[in-house]
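Take a look at the structure below.
The values are calculated or read from the model by the stated rules, or taken from the named source; none is laboratory data. Not measured: the values here are computed from a predicted model. No Cβ is skipped: glycine too gets one built from the backbone with ideal geometry, and neighbour counts run over all protein chains shown.
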Amino acid sequence: MTDAQDRWESRFAEHTVHRRPGEGPTVVLLNGCGLASVAWDAVVEALPGRAIIAVDRPGRCGTVNDGLPDLRQEAGILARIIGDDAPAIVVAHSMAAFQAEALVRLHPRSARGIVLADPAVEVSARSGYLRRAGAAGIARALGSAVRVEPVRRLAAAAVRYGMRHETSHPEVLDDELWRACHDSPEALAASAAEFVSYGGQAADLAALRAEQAAPAAVPAILLDGKPFHSASQEEALASAFSHLEIRRLPGSCHLMMLDAPGEIARAVDDLSQATAS
């Protein structure tokens, strides 16, 4: 998946799905906020021969984002994308951890295990609904602003600056495909919508956990990059899954797919073997 022309793409509800045939269980790659499937290229290379599904949310690959991401809706879309490839190993980076957990809670046959690559973790999301009240308006305003060329350039530069401080390999971010992740107005508007939806999605996940009153019935591996999660965050994740293994990676920052692709691949292989029927 190092060349966009080599990717087989399909559309599902404005999500762009990249599939590579191979041996199973299929590995599903979910992007963190503001990222695109190109972020996983080194991980895909570290999983030779494996069946891969990488998902780009609306706003990338020529699509247009329309509204805030909804946690339950995203889980349903992911379940249908996985389809006959279930049960899969799901790898979720950052904020995508919310969607991965919602997937296994609402569609338990879709996944057999989850790799949490430096995930977003909220111990308490009680204020999420309050923040969500104005999130849609904020997203619309930001989406309109980045269509003004000077604002677009400034926003793209700010995103690049932030990303460069989240990896030990900032040179990768200068690649043309990486720049395309956040250079266009559509991509920047999508990133803004994902960012402002954070509180609402965290609150929805907390409500889903309370509704089920039980851990998600799949094993999970937490790959923890610097700065490491707090004890309370680790406890929150441990109570959310039937089994959680924590692996700390002191050589990795938040963009773990760049800093430790081999460790992500190893976690995928370990879960594949542990969950083999």
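Within segment 17-51, no residue satisfies the criterion of being touching a Gly at 6+ places or on another chain (Cβ under 8 Å), over 14 Å from ILE89 (Cα atoms) and part of a strand (DSSP E or B). Looking at segment 234-267, which of its residues are touching a His at 6+ places or on another chain (Cβ under 9 Å) and farther than 14 Å from LEU116 by Cβ? If the condition is that a residue be touching a His at 6+ places or on another chain (Cβ under 9 Å) and farther than 14 Å from LEU116 by Cβ, then CYS253, LEU255, LEU258, ASP259 are the ones that fit. Scanning segment 30-50 for residues that are at negative phi, without any contact (Cβ under 8 Å) to a residue 40 or more places away in the chain and in contact with an Asp or Glu (Cβ under 6 Å, 6 or more places away or on another chain) returns a single hit, SER37. Is it true that some residue in segment 217-237 is of a type outside the set (Ser, Thr, Tyr), in a loop (DSSP other than H, G, I, E, B) and buried (at least 18 other Cβ atoms within 10 Å of the Cβ)? Checking segment 217-237: at least one residue is of a type outside the set (Ser, Thr, Tyr), in a loop (DSSP other than H, G, I, E, B) and buried (at least 18 other Cβ atoms within 10 Å of the Cβ). Taking segment 44-61 as the search range and keeping residues that are buried (at least 18 other Cβ atoms within 10 Å of the Cβ) and out of contact with any strand residue (DSSP E or B) (no Cβ under 7 Å at 6 or more places or on another chain), which one is nearest to ALA102 (Cα to Cα)? Among those that are buried (at least 18 other Cβ atoms within 10 Å of the Cβ) and out of contact with any strand residue (DSSP E or B) (no Cβ under 7 Å at 6 or more places or on another chain), it is GLY59. Scoring VAL64 on the criteria (1) under 20 Å from SER191 (Cα atoms); (2) at pLDDT 95 or above; (3) of a type in the set (A, V, I, L, M, F, W, C); (4) surrounded by fewer than 22 Cβ atoms within 10 Å (Cβ to Cβ) leaves a single failure, condition (2). If you go through segment 142-177 and keep only what is among the aliphatic types (A, V, I, L, M) and surrounded by fewer than 18 Cβ atoms within 10 Å (Cβ to Cβ), you end up with ALA145, VAL148, VAL151, LEU154, ALA157, ALA158, LEU177.
Only one entry of ALA180, ALA139 meets the criterion of being in contact (Cβ under 8 Å) with a residue 24 or more places away in the chain, crowded, with 18+ Cβ neighbours inside 10 Å, over 16 Å from the mean Cα position of the chain (by Cα) and at negative phi, and that entry is ALA139.
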